[in-house]
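Take a look at the structure below.
The values are calculated or read from the model by the stated rules, or taken from the named source; none is laboratory data. A quick note: this is a predicted structure, and the numbers were derived from the prediction, not measured. Using ideal geometry, Cβ is built from the backbone for each residue, glycine included, and neighbour counts are taken over all protein chains shown. These accessible areas exclude ligands, DNA and RNA; they are computed on the full protein's heavy atoms, side chains included. Shrake-Rupley method; radii C 1.70, N 1.55, O 1.52, S 1.80 Å.
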Amino acid sequence: MRIEPINLSCFKVLFFFLLWSSFPHQIFSEEDSLESKGLPRGDPASENVDVNILADFIQSLDTKFEGIHSIMVLRNGKVISEGWWSPYQAEDKHMLFSLSKIFTSTAVGIAVQEERFSIDDLVVDFFPDDLPDKPSKNLQTMRVRDLLTMTTGHQKEPSLKASEMSVRSFFDTEIAHEPGTHFKYNTPATFIQSAIVQKVTGQKVVDYLRTRLFEPLGITDPFWRENFEGISLGGYGLRLRTEDIAKLGQLYLQKGKWGKKTIIKNGWVDMATSKQVSNGNNPNNDWSQGYGFQFWRCRFDSYRGDGLFSQFCIVMPKLDAVIAITSGENDMAGILNLVWDKFLPACLIDPNKKNNSNISPLKEILKRLKIDGVAGNATTESEEVFLNSRYSLGSNSLNLDALELNQDSHQDPIRVTLLGDDRKIEFYAGHKSWVRGRSDFPNGLVFDLKNEPLAASYGWEEGHTLNVKVCAIETPFNFTMKFKFTGDDVTLSWVPNVGFDNKFGPDLVGRKEK
């Protein structure tokens, strides 16, 4: 769901925007160093960014939002600020959700420049075996261009579940409007782009991009979830690191060039990031500024890719700046508003203006970044009576039979184990520290998570209540679990930070086995 941004007083931001528009922005030089695995690092002052305002921007992200996981800020091709909210780390991949779309459209652009197909080719021509018995005129006239611009003509979005989404399900959904005339956000349309690339190249999109995009940019071990037929989902399902997101933004900012190599032709970059279709008329709404080839146009002559729960790749050409953000946060509009309100003024226009070079306050802010853990004490003798025990669980929708809580000593992590249906969900939680591991996690929270990297911490409340927070660190999701003990009985409840239906998990009730 797209969230309408709040009304802002834009005078200050507009003032800085008009100033920056009147000065030529710096062009990033094509240095051989870009061909190394990491982006070059710099400091704010050297790249003409006010370090105090930049620090206030990062601090504001930390105080106004509970779910930011990482941020990387580039100016003039250099990383001038980067931070991860503990327990998230630089080497962690992250679910991109719809931010995956700009990688899929990049694959389309590369395939087009290799003359594999044209954006004016008809979609049905790629899949003659998947056509309905009587394909509609609108289906027969749909072009690749219409997939890219979300103007396929659908009034209702086809199924986007990985277990259901296919070329055939896309073709079988009614196309109520003439393609090219009606904007409708359509994740399966991006899946069809992925399917086309796979059909004409014989490679899944993730593999097709490996030598053409990922390896040249130093992006390693990309993971892309597939549908039931083995096709990369395209519109979501990609996991990459924060720096990988920033690299793609920098590539587009550099008009498709990376060092001395041309990855994507300039003409494609211009088409993909410019307004191809209208998607609204609200000047203060970043979802109404026009849509390109899977890129959203933004206010202040910027553009972005974004994904559910606030995954962002924001490109500001006139500032020669890129911001990458990963999150587990619902307020996407609020984050963008903060970028415009706080980051734009940090970018100085006059290169001769004296700039504060003391980055110590900024470093301290970045060093302290962490998401909220759980309140409570370490285990004491009064709580240890509940541990090193097995609890039989009553009937529940998760089909879990037993709960075990174990701790070797008061200073050690607590091991939480849930058993049932021939599965074992197990992880460790530290007191005032995050303990990393891997485990499945049950459905009923958001969706099944299989062998996910996790980090967990615990604390005891008065009244014999154990709080445990579990972060699925490659996803937007974390779960606050509460174990309430009364004699030999325990009740387990949990609350997810974000989800698709905002439902809490079902309570589990258990009794200690003798």
**Asked** Computed from the mean reciprocal separation of all distinct C-alpha pairs, what Kirkwood hydrodynamic radius does the chain have, in Å?
**Response** 24.6
**Message:** For the ranges 297-303, 459-465, 96-102, what's the packing order if you count other beta-carbon atoms within 10 Å of each residue, average per peptide, and put the highest first?
**Reply:** 96-102, 297-303, 459-465
**Request:** Could you work out the local net charge near Cys313, counting Lys and Arg as +1, Asp and Glu as -1, over the other residues with Cβ closer than 12 Å to its Cβ?
**Result:** 0
**Fill in**
Between the modelled labels at Lys432 and Ser397 (7 Å from Cα along Cα→Cβ) the distance in nm is 3.8
**Message:** At a threshold of 8 angstrom on Cα-Cα distance, excluding pairs fewer than six apart, so keeping six or more, what relative contact order does the range 369-514 reach in percent?
**Reply:** 21
**Asked** Which value, in Å², gives the accessible area per residue of the chain when a 1.4 Å probe is used on the protein heavy atoms?
**Response** 42
**Fill in**
In Å, the Kirkwood estimate of hydrodynamic radius for the range 25-149 over Cα pairs equals 19.1
**Asked** Please state the relative contact order of the chain as a whole percent: Cα pairs under 8 Å, 6+ residues apart?
**Response** 17
**Prompt:** Mean shadow of the range 114-190, computed from the convex hull of its alpha carbons, in nm²?
**Reply:** 5.1
**Fill in**
By the Cα gyration tensor axes a ≥ b ≥ c (a/c under 1.5 gives rounded; else a/b larger than b/c gives prolate, otherwise oblate), the shape of the range 250-329 is oblate
**Message:** Can you give the local net charge around Met165? Use residues other than it whose beta-carbon is closer than 13 angstrom to its beta-carbon, Lys and Arg +1, Asp and Glu -1.
**Reply:** -3
**Prompt:** Given a Förster radius of 51 Å and the C-beta distance between Glu215 and Thr491 as r, what FRET efficiency does 1/(1 + (r/R0)^6) yield to the nearest 0.05?
**Reply:** 0.50
**Complete:** So the carbon and sulfur contribution to the accessible area of the chain, 1.4 Å probe, in percent, is 47
**Request:** State the dimensionless ratio Rg/Rh of the range 151-264 (Rg: radius of gyration of Cα atoms; Rh: Kirkwood radius).
**Result:** 1.02
**Message:** Compute the distance from the alpha-carbon center of the range 454-491 to that of the range 39-78, in whole Å.
**Reply:** 33
**Fill in**
Whole-Hz Karplus couplings 3J(HN,Hα) for the range 177-191, θ = phi - 60° and coefficients 6.51, -1.76, 1.60, Gly and Pro as x, run 10, 5, x, x, 10, 9, 7, 9, 4, 8, 4, x, 5, 6, 4
**Complete:** The simple spin-label model distance between Ser360 and Glu178, using points 7 Å out along Cα→Cβ, in nm, is 6.7
**Length gained when the stretch Asp507-Thr380 is fully extended (0.36 nm per residue, less Cα-Cα span)** = 43.2 nm
**Request:** With a point put 7 Å past each Cα toward its Cβ, work out how far Lys275 is from Glu66 in nm, to one decimal.
**Result:** 3.8
**Asked** Between Arg116 and Ser159, what length comes free when the chain is fully extended (0.36 nm per residue of separation minus the Cα-Cα distance, one decimal in nm)?
**Response** 12.7 nm
**Request:** Pop the C-beta distance of Ser46 and Phe228 into the FRET formula with R0 = 45 Å and round what comes out to the nearest 0.05.
**Result:** 0.35
**Message:** What does the net charge come to around Arg75 if you take all other residues with beta carbon closer than 13 Å to its beta carbon, with K and R at +1 and D and E at -1?
**Reply:** -2
**Message:** Taking the Cα of Arg168, stepping 7 Å toward and past its beta carbon, and measuring to each backbone N in the range 123-158: which are under 20 Å?
**Reply:** 123-136, 139-140, 158
**Message:** Can you list residues from other chains, or at least 5 along the same chain, whose modelled amide H is less than 5 Å from the amide H of Asp440?
**Reply:** Glu426, Asn451, Glu452
